[in-house]
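Novice: Structure in structure tokens, see below.
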Amino acid sequence: MTRLTADLKGFFAAVPTPFTTDGGSIAAAALGDLVSHNLNAGLTGLYVGGSTGEAFLMSVEERAQLLSLTAEAAGGRAVMIAHVGDPNPSVSGHLACVAADAGYDAISAVPPFYYQYGLHEIEAHYRWLASQTDLPFLIYNFPALSGVRWSADELARLLDIPQVVGIKNTCSDLYAFEQVRRLRPDATLLHGFDETLLAGLTMGADGGIGSTYNLQASRVLALNAALKAGRLQEAHRHQADANALIDALVAAGVLPALKYMLEKAGFAMGPCRAPFQPLSANHRRALDAAMDLLPPSGLSQGLQRPAALG
Ligand code: MN9
């Protein structure tokens with residue numbers, strides 16, 4: 001099987017799903033604005049329908065609609081990765097086919113969670129799911145949320161499944177990450193925690209996928225450029241600036257806070273779905289102040305700010 005690793009290297013926004021103000025359905029126009037903003041900012045592509053996209057708070061039909069709408073909005077301008085993970089394999093299989101039909105470049109999935117499957121069961125599942133389309137496949141390793149933990153050897157074994165070309169690695173164990181890099185030098189490894197992107201890149205990541213890229217794409221790209229040019233202090237300064245913003249998001253709850261800040265920047269994001277709750281007045285105030293931590297270049301390059309902010 002040909003391994004299509006080169007295509008998936010780079011920096012991808014994990015796209016939050018804009019909903020109508022009552023949270024009832026996907027807000028297609030706002031989604032289009034957000035997609036254009038991210039692509040104008042110079043990101044490689046988009047990771048659609050994952051944790052940041054509130055996939056597990058959407059019906060199967062909505063998840064399929066989200067994949068199609070986002071691909072239409074991108075219009076072939078970006079490398080597109082569809083997240084199709086679900087506890088129910090038939091849902092994942094269906095969404096993988098939807099993604100292939102919609103023109104996605106790759107499929108990705110968290111392992112089936114809730115029941116505590118053995119590695120042989122998850123391996124069989126990924127083998128089956130990856131075979132449902134002819135697209136390259138990225139494992140989504142996010143132990144903190146999925147509850148599924150793999151050693152470096154186990155990750156390397158999953159990378160041997162046909163069509164599995166890499167990992168979206170949202171895991172703070174950078175030792176294991178570097179071991180995977182050595183075990184499978186050809187794999188595409190994308191770093192998933194924005195707050196440790198610089199560390200991930202120095203340990204062998206080929207790029208990253210992140211929720212906060214929607215707010216600070218220019219900073220992420222500048223961090224990478226500085227690192228590649230050997231300007232480590234500058235790269236660290238970009239990471240420190242990124243983390244000051246991430247601190248504010250984490251304190252309020254990343255997904256509601258991300259939507260709130262994007263809303264303030266001019267995107268009609270709507271609310272996060274229940275069980276997420278509206279932000280408290282204190283959190284809103286803290287995030288209002290944190291708008292000053294957005295990269296100035298990111299704003300001028302694309303964030304469509306309302307006149308009052310511009
Ligand atoms: O895509 C993201 N994880 C989630 C990965 O959205 C759950 C990260 O970008 C984090 O949101 C980010 C802040 O903790 O690193």
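Only the coordinates and a few stated rules stand behind these numbers; no lab work does. Because the structure is a prediction, the values reported are computed rather than measured. Counting neighbours? That spans all protein chains shown, and the Cβs are built from the backbone with ideal geometry, glycine included.
Novice: Which order do the peptides 138-147, 213-222 take when ranked by the mean count of other beta-carbon atoms within 10 Å per residue, highest first? Kindly include the intermediate steps, with their values, before the conclusion.
Specialist: Numbers: 138-147: 18.8, 213-222: 25.6.
Highest mean packing first, the order is 213-222, 138-147.
Novice: If you don't mind, there's one more thing I want to ask. Along the charge dipole of the chain, which of Met269, Gly53, His238 sits closest to the positive end, that is, farthest toward it, with unit charges on the beta carbon of Lys, Arg, Asp and Glu (+1, +1, -1, -1)?
Specialist: The listed residue farthest towards the positive side: His238.
Novice: So, one more: Can you tell me the relative contact order of segment 57-161? Whole percent, Cα pairs under 8 Å, sequence separation 6 or more.
Specialist: Computed over segment 57-161, the figure is 25 percent.
Novice: From the residues Gln132, Gly253, Gln216, which one has its Cα farthest along the dipole of segment 101-256 in the positive direction, the dipole being from +1 and -1 charges on Cβ of Lys/Arg and Asp/Glu about the Cα centre?
Specialist: So the residue we want is Gln216.
Novice: Quick one: P(r) of the chain from all Cα-Cα pairs, 20 Å bins, percents rounded to integers, in order of increasing distance.
Specialist: Answer for the chain: a P(r) of 35, 60, 5 percent.
Novice: Which value, in nm² and rounded to one decimal, describes the direction-averaged projected area of the C-alpha convex hull of segment 1-113?
Specialist: Values: hull surface 28.7 nm².
Value for segment 1-113: 7.2 nm².
Novice: Taking θ as phi - 60°, what are the ³J(HN,Hα) couplings along segment 255-269 by the Karplus curve (6.51, -1.76, 1.60), each to the nearest whole Hz, with x for Gly and Pro?
Specialist: Values per residue, Gly and Pro as x: 5, x, 5, 4, 5, 4, 5, 5, 4, 4, 7, x, 9, 7, 7 Hz.
Novice: Filter the chymotrypsin sites (Phe, Trp or Tyr not before Pro) in segment 65-122 down to the DSSP loop ones having no more than 13 other Cβ atoms within 10 Å, then list what survives.
Specialist: Working: sites: Tyr104, Phe113, Tyr114, Tyr115, Tyr117; in loops: Tyr104, Phe113, Tyr114, Tyr115, Tyr117.
Hits after loop and neighbour filter: Tyr114, Tyr115.
Novice: Sticking with this one: Compute the separation of the alpha-carbon centres of segment 45-87 and segment 101-144 and state it in Å as a whole number.
Specialist: 15 Å
Novice: Next question. What is the spin-label model distance, in nm, from Leu183 to Ser151 if the labels are put 7 Å beyond Cα along the C-beta direction?
Specialist: 0.8 nm
Novice: Let me ask something else. For a quick protection proxy, order the peptides 167-174, 11-18, 153-160 by their average other-Cβ count within 10 Å, most packed first. Working shown, then result.
Specialist: Working: 167-174: 22.2, 11-18: 25.8, 153-160: 17.2.
The most tightly packed comes first, giving 11-18, 167-174, 153-160.
Novice: For Ala225, what is the net charge nearby, where nearby means another residue's Cβ is under 14 Å from its Cβ and Lys, Arg count +1, Asp, Glu -1?
Specialist: Details: positive: Arg219, Lys228, Arg231, Arg237; negative: Glu234.
That sum, taken over residues with Cβ under 14 Å, equals +3.
Novice: While we're on this one: What does the net charge come to around Val250 if you take all other residues with beta carbon closer than 11 Å to its beta carbon, with K and R at +1 and D and E at -1? Before the final figure, lay out each step's value.
Specialist: On the way: positive: none; negative: Asp194, Glu195, Asp247.
Local net charge: -3.
Novice: Amide H of Gly10 versus every other amide H placed in the peptide plane: which residues, excluding those fewer than 5 positions away on the same chain, fall under 5 Å?
Specialist: Under 5 Å from the amide H of Gly10: Gly207, Gly208.
Novice: Further, regarding this structure: Which one, His83, His238, His283, has the greatest fluctuation when you compute a Gaussian network model over the chain with C-alpha springs under 10 angstrom?
Specialist: Fluctuation is largest for His283.
Novice: If you place +1 on the Cβ of every Lys and Arg and -1 on the Cβ of every Asp and Glu, how big does the dipole about the Cα centre of segment 1-142 come out, in debye to the nearest 20? The partial results should precede the final answer.
Specialist: Numbers: 5 positive and 13 negative charges, 76 e Å.
The calculation lands at about 360 debye.
Novice: Hey, got the dipole for the chain? About the Cα centre, +1 on K and R Cβ, -1 on D and E Cβ, debye to the nearest 20? Please report the intermediate quantities before stating the final value.
Specialist: Values: 21 positive and 28 negative charges, 114 e Å.
With only Lys, Arg, Asp and Glu charged at Cβ, the dipole is about 540 debye.
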